[in-house]
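Visitor: What follows is a structure written as structure tokens; I'll ask about it next.
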Amino acid sequence: MRVVVTGYGLVTAVGADADQTWAALLQGQSGIAQNSLISAQGVTSSLAGQAWTEAEIDHPAPERGIRLGVKALAEAVGRAGLAEANPYPPAARALVLGTSMGGARKGDVFHRQWIEGGLGSADKTLLFEYPLHSTADAIAADFDLHGPRVVHSNACAAGSVAIGHAYEMLCDGQAEVVVAGGVDPLAHLAFAGFSSLGALTQLHCAPYTRSDGLNLGEGAGFLILEEYDRAVARGARIHAELIGFGLSADAYHPTAPDPRGKGALMAVNSALRLAGTDSSAVDYVNGHGTGTPANDSGELKTLLSLGQGQGQVPMSSTKSMIGHTLGAAGAVEAVVAVLSLDHQRLHPTYVPPDPAAREGLAKLQQAGRIDVIPDSARTTAVDLAISNSFAFGGNNACVVLARPGVAQPTAVTTARRSQSDLIVTGLAATAGSAVTTEAVRAACGSGDQLYRDRVELEDGSSFPVGLPDPRRLCEGVNPRILRRLDPLGRLAVHAFAQLLKQRRLTPAQLAGTGVIFATGIGPLSTVEAFQRGLIVNGQGDSRLFPNTVMNAAAGHVAVTFGLHGPTATVCAGGTSGISALHLASQLLRNRSCDRIAVIAADETPDCLLAGYSRYRGYLSSTELTPYGNTGVVYSSGSVALLLEASDEAVPDALPLARVLGIGMASDGSGSGGFSTDDEAWGRSFASAIGRAGLTPADLDLVVAAAYGRDRTDSIEQAALGRLGLRADVPVIAPRGVTGYLESASPLLGTLIATWLRQGDSLRLGVTPTAVARPEGQPLRALVSGFSIGGNFQSYVVEV
């Protein structure tokens, strides 16, 4: 499939739109200066690439990140010719967003109000826009994007990963047009965190030359992606073609990149392979170029392999003028690469006038191996450009873009595996107080609730919660690794360690394995602890900050087990696990690797319950009864699923299940909202069943998402009622036993289907459920998931 760019938009420190930004970049004009948004408390430098054209507006205006995103996307939609007459129905429009901060600014205000005046004084409406996915929910509502919705949070690779997943959305036929991009505002959490690590320079940053630290930035960048034939048919102007992307994990260190640049090079080579070309074809590199010594030196080693292995491929750092925009960076810089192809010009790397920066440039020029395009823009022929993002925690991403008509489809891009070629070969779970798969299975059989603890809040209220014994999660983990793990990391590592007892892999097999991590809320306890220290003591704890990023847990899994394959982190509430399953499937189908661990994990810290307690009736004070309107009970938990290509796994592995189809839909509920209409949820069901090649009559089981709130449970019931299921098909709701596991809950459905197929009788409702199937006939289950904000995803699994 040919995927083309028909629109783009930007908001950066040097421009209110793409044209202003591009003109400033070509002139080598920097937008980095003392920012006016973030207090200097607890930070080593206030220099930043602030979006100077965007005034700050007090609450209750939309969160700053949302406003940046809406402005950039409005430009992209208009440039694509889709603002007035959009031929694509809302259900065919997908959004894939990358962000690191999301609504962190609103979360910071809530937290300060809580600490300074008590929980009762904190404005609960601030929490509507705090979760990462709320930014995407708001943007989708503004632009009627009611197709698939996914949020990636791989630190500063998030925007690039979002573009890669958007490419796969089109290849998989999940949407007809995809909005792909990234957004991040300046936030105190980021300033304090990078300050605690000593990563901020007190000077203007100087990537590749002085390399003594970075300046933070903010902004937004979006691409409008369409299939070539559709774009041509509607008369759209094609600015570039997206021909490949690649992902990899360093598996080296929680924060520092591999100094040899090996992981980064893996991502670049994977992207070029998917594009059907090699490094000799690269005409331009938009570099990661942060200005930190570790990032710059590792990236320069990677670049030496390009251009017939002689280096000298022209490159530049956009961050040298706009700062490091974190989760937006990959998307912003991909837009800049599109502009380079569109205009056949390359912007310079800004090199400050100080002696250290100029001496560093002179050394590079004297060595003659790296061409950083200093000082002045360059006009040259550019047919193929790559944009690199090498993120915190060793998460690497590369996007390949080409001038329209230059790239031709190759056997590499067309010989994709089918969904039926993929098999599940390993499964493991923890849920609440059950820290082993066997214990979770036993509880599902007995009906014993796994939320046996209670948490008492400062106002005297208390709520049931499912918590694991932390000592059990630590068993068998190397103490050197263990001391770096936060609660979310321990859940993820423990789940994958359990899985490896079932599906044993050699070191070589592990090295080629990817990890796609899903989390609904992320490492909230660590974020709260770091931010509390910042508010109370004036500075955050540098030991905590590495675990505040959403992708930290995935990095811990990669380091612990030596996984170097593709990696990504999805953070989109309760649908995160299914989104991760989709990306993993697509990476296997495009032959990026042969096996991927899909791991979903969420913790249940006191601060989560404190926030939800502000909404009367949302939390249950006793138990969770699906369809009983009791309120929700949260449990910590994790699920690990190993997905492999059957042509590589068999006969080495026993197939446990197959994921036949994934359905993804959304509506316009917006941040913190939830529609009373079942249409979008029903669309996700119909899509999953149809993509599996089945009809509702072919289903043997439904694993529902009901979690004790009539507002959601009744909508799911209505959507299921419209499907036309056979009367004998059981609908089970595991959350009454496990509690709500957020991102892990839907993936647990695969284990439940497997246990039923193996003859278990499970008590996940009023009466025990058993599903008898004749020998040799599979059991087919529909598994449901949703997220507040109007996101609905489901999948059909066969066991």
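The values are calculated or read from the model by the stated rules, or taken from the named source; none is laboratory data. It should be emphasised that the depicted structure is a prediction, and the values quoted were computed from it without experimental measurement. Don't worry about glycine lacking a Cβ; one is built from the backbone with ideal geometry, like all the others, and counts go over all protein chains shown. With ligands, DNA and RNA removed, areas are computed over all heavy atoms of the protein, side chains included. Shrake-Rupley method; radii C 1.70, N 1.55, O 1.52, S 1.80 Å.
Visitor: Quick one: which of LEU488, LEU510 is surrounded by fewer than 23 Cβ atoms within 10 Å (Cβ to Cβ), among the hydrophobic types (A, V, I, L, M, F, W, C) and either within 27 Å of VAL424 (Cβ to Cβ) or out of contact with any Ser or Thr (no Cβ under 6 Å at 6 or more places or on another chain) (or both)? Show your work before the answer.
Guide: Numbers: LEU488 fails: surrounded by fewer than 23 Cβ atoms within 10 Å (Cβ to Cβ).
Sole residue among the options that is surrounded by fewer than 23 Cβ atoms within 10 Å (Cβ to Cβ), among the hydrophobic types (A, V, I, L, M, F, W, C) and either within 27 Å of VAL424 (Cβ to Cβ) or out of contact with any Ser or Thr (no Cβ under 6 Å at 6 or more places or on another chain) (or both): LEU510.
Visitor: Can I ask one more? Do you know which residues across region 200-213 are surrounded by fewer than 24 Cβ atoms within 10 Å (Cβ to Cβ) and among the hydrophobic types (A, V, I, L, M, F, W, C)? So that I can check it myself, show each step before the final result.
Guide: Of all residues in region 200-213, those surrounded by fewer than 24 Cβ atoms within 10 Å (Cβ to Cβ) come to 201-204, 211-213.
Selection gives LEU203 alone.
Visitor: If you check THR277 against the conditions, is it among the polar types (S, T, N, Q), in a loop (DSSP other than H, G, I, E, B) and open to solvent by 10 Å² or more (accessible area, probe 1.4 Å)?
Guide: Values: among the polar types (S, T, N, Q): yes; in a loop (DSSP other than H, G, I, E, B): yes; open to solvent by 10 Å² or more (accessible area, probe 1.4 Å): yes.
For THR277, the condition - among the polar types (S, T, N, Q), in a loop (DSSP other than H, G, I, E, B) and open to solvent by 10 Å² or more (accessible area, probe 1.4 Å) - is met.
Visitor: Going by the conditions given, is ARG417 surrounded by fewer than 23 Cβ atoms within 10 Å (Cβ to Cβ) and part of a strand (DSSP E or B)?
Guide: No; evaluated as a whole, the condition is false for this residue.
Visitor: State which residue is farthest from ALA187 (Cα to Cα) when the search covers only region 199-218 and only residues that are among the hydrophobic types (A, V, I, L, M, F, W, C) and assigned to a loop (DSSP other than H, G, I, E, B).
Guide: If we take residues in region 199-218 being among the hydrophobic types (A, V, I, L, M, F, W, C) and assigned to a loop (DSSP other than H, G, I, E, B), then ALA206 is farthest from ALA187 (Cα to Cα).
Visitor: From the list LEU782, LEU720, LEU756, LEU762, which one is over 14 Å from CYS444 (Cα atoms), in contact with a Leu (Cβ under 9 Å, 6 or more places away or on another chain), among the hydrophobic types (A, V, I, L, M, F, W, C) and open to solvent by less than 10 Å² (accessible area, probe 1.4 Å)?
Guide: Result: LEU782 is the single residue among LEU782, LEU720, LEU756, LEU762 that is over 14 Å from CYS444 (Cα atoms), in contact with a Leu (Cβ under 9 Å, 6 or more places away or on another chain), among the hydrophobic types (A, V, I, L, M, F, W, C) and open to solvent by less than 10 Å² (accessible area, probe 1.4 Å).
Visitor: In region 142-157, is there at least one residue being among the acidic types (Asp, Glu), over 19 Å from the mean Cα position of the chain (by Cα) and surrounded by fewer than 24 Cβ atoms within 10 Å (Cβ to Cβ)?
Guide: yes
Visitor: For region 426-458, name all the residues that are buried (at least 23 other Cβ atoms within 10 Å of the Cβ) and polar (S, T, N, Q).
Guide: THR430, SER433
Visitor: Of everything in region 94-138, what is in contact with a Leu (Cβ under 6 Å, 6 or more places away or on another chain) and over 22 Å from THR548 (Cα atoms)? Give them in sequence order.
Guide: Matches in region 94-138: LEU95 only.
Visitor: Separate question: Can you tell which of ASP108, ASP144, ASP123 is of a type in the set (Asp, Glu) and under 21 Å from LYS71 (Cα atoms)?
Guide: Checking each option against the conditions leaves just ASP144.
Visitor: Considering ALA136, ALA190, which residue is touching a Lys or Arg at 6+ places or on another chain (Cβ under 8 Å), under 27 Å from ILE386 (Cβ atoms), open to solvent by less than 10 Å² (accessible area, probe 1.4 Å) and outside any loop (DSSP other than H, G, I, E, B)?
Guide: Working: ALA190 fails: touching a Lys or Arg at 6+ places or on another chain (Cβ under 8 Å).
Being touching a Lys or Arg at 6+ places or on another chain (Cβ under 8 Å), under 27 Å from ILE386 (Cβ atoms), open to solvent by less than 10 Å² (accessible area, probe 1.4 Å) and outside any loop (DSSP other than H, G, I, E, B) holds for just one of ALA136, ALA190, which is ALA136.
Visitor: Which strands (runs of 3 or more DSSP E) does region 564-647 wholly contain that include 3 or more residues that are touching a Leu at 6+ places or on another chain (Cβ under 8 Å), open to solvent by 30 Å² or more (accessible area, probe 1.4 Å) and modelled with pLDDT of 95 or more?
Guide: Values: elements: 567-570, 595-602, 637-645.
Ranges flagged: none.
Visitor: Quick one: VAL400 ticks every box in (1) touching a residue at least 60 places away in the same chain (Cβ under 8 Å); (2) over 30 Å from VAL338 (Cα atoms) except a single one, so which number is it?
Guide: (2)
Visitor: Go over the candidates LEU694, LEU720, LEU660 one by one and state the one that is part of a loop (DSSP other than H, G, I, E, B), out of contact with any Cys (no Cβ under 8 Å at 6 or more places or on another chain) and closer than 16 Å to SER784 by Cβ.
Guide: Of LEU694, LEU720, LEU660, the one residue that is part of a loop (DSSP other than H, G, I, E, B), out of contact with any Cys (no Cβ under 8 Å at 6 or more places or on another chain) and closer than 16 Å to SER784 by Cβ is LEU694.
Visitor: While we're on this one: Which one is modelled with the lowest pLDDT, of the residues in region 467-480 that are surrounded by 15 or more Cβ atoms within 10 Å (Cβ to Cβ) and out of contact with any Asp or Glu (no Cβ under 7 Å at 6 or more places or on another chain)?
Guide: For region 467-480, the residue satisfying everything is VAL477.
Visitor: Being outside any helix (DSSP H, G or I), within 30 Å of LEU189 (Cβ to Cβ) and touching a residue at least 24 places away in the same chain (Cβ under 8 Å), is that true of even one residue in region 260-272?
Guide: yes
Visitor: Given the options GLY749, GLY759, GLY724, name the one that is among the small types (Gly, Ala, Ser), free of Cβ contacts under 8 Å to residues at least 60 places away in the same chain and under 25 Å from ALA580 (Cα atoms).
Guide: GLY749
Visitor: Next up: Would you confirm, using the coordinates I've provided, whether ALA552 is within 30 Å of ALA733 (Cβ to Cβ), open to solvent by less than 20 Å² (accessible area, probe 1.4 Å) and modelled with pLDDT of 95 or more?
Guide: Judged against the criteria, ALA552 is not a match.
Visitor: Further question: Just give me the residues in region 663-685 being modelled with pLDDT of 95 or more, part of a loop (DSSP other than H, G, I, E, B) and hydroxyl-bearing (Ser, Thr, Tyr), in sequence order.
Guide: SER669, SER671
Visitor: Pairs please, first residue from region 140-161 and touching a residue at least 24 places away in the same chain (Cβ under 8 Å) and at positive phi, second anywhere and open to solvent by less than 10 Å² (accessible area, probe 1.4 Å) and aliphatic (A, V, I, L, M), Cβ atoms under 6 Å, 6+ apart in sequence or on different chains.
Guide: ALA155/ALA391
Visitor: Residues of region 621-658 being within 26 Å of ALA495 (Cβ to Cβ), of a type outside the set (A, V, I, L, M, F, W, C) and touching a residue at least 40 places away in the same chain (Cβ under 8 Å), which ones?
Guide: Of everything in region 621-658, those that are within 26 Å of ALA495 (Cβ to Cβ), of a type outside the set (A, V, I, L, M, F, W, C) and touching a residue at least 40 places away in the same chain (Cβ under 8 Å) turn out to be GLU623, PRO626, TYR634, SER635, SER636, GLY637, SER638, GLU644, SER646, GLU648, PRO655, ARG658.
Visitor: Which ones in region 86-109 are buried (at least 23 other Cβ atoms within 10 Å of the Cβ) and in a helix (DSSP H, G or I)? Step through it out loud before you land on a result.
Guide: Here is the first cut: in region 86-109, the residues buried (at least 23 other Cβ atoms within 10 Å of the Cβ) are 93-107.
If the condition is that a residue be buried (at least 23 other Cβ atoms within 10 Å of the Cβ) and in a helix (DSSP H, G or I), then ALA104, ARG105, LYS106, GLY107 are the ones that fit.
Visitor: Mind counting the residues in region 280-305 that are of a type in the set (Ser, Thr, Tyr), touching a residue at least 60 places away in the same chain (Cβ under 8 Å) and open to solvent by 30 Å² or more (accessible area, probe 1.4 Å)?
Guide: Adding up the residues that qualify gives 1.
Visitor: Still on this structure, please answer the following. Return the residue satisfying two criteria in turn: it lies in region 56-85 and is open to solvent by 30 Å² or more (accessible area, probe 1.4 Å) and in contact with a strand residue (DSSP E or B) (Cβ under 8 Å, 6 or more places away or on another chain), and of such residues it is nearest to GLY235 (Cα to Cα). Don't jump to the end; show me each part of the working.
Guide: Here is the first cut: in region 56-85, the residues open to solvent by 30 Å² or more (accessible area, probe 1.4 Å) are 56-60, 62, 67, 70-71, 74-75, 78-79, 81, 83-85.
Checking which are in contact with a strand residue (DSSP E or B) (Cβ under 8 Å, 6 or more places away or on another chain) leaves us with 71, 74-75, 78-79, 81.
Values: LYS71: 24, ALA74: 20, GLU75: 18, GLY78: 14, ARG79: 13, GLY81: 9 Å.
Taking the candidates together, the pick is GLY81.
Visitor: Sticking with this one: Answer yes or no as to whether LEU694 is at pLDDT 95 or above and more than 26 Å from ARG93 (Cα to Cα).
Guide: no
Visitor: Scanning region 214-269 for residues that are closer than 21 Å to ASN286 by Cα and of a type in the set (Asp, Glu), which turns out surrounded by the most Cβ atoms within 10 Å (Cβ to Cβ)?
Guide: Checked region 214-269; the qualifying residue surrounded by the most Cβ atoms within 10 Å (Cβ to Cβ) is GLU218.
Visitor: Within region 667-715, take every residue that is among the aliphatic types (A, V, I, L, M) and under 15 Å from HIS146 (Cβ atoms) and give me the one that is least open to solvent (accessible area, probe 1.4 Å).
Guide: If we take residues in region 667-715 being among the aliphatic types (A, V, I, L, M) and under 15 Å from HIS146 (Cβ atoms), then ALA680 is least open to solvent (accessible area, probe 1.4 Å).
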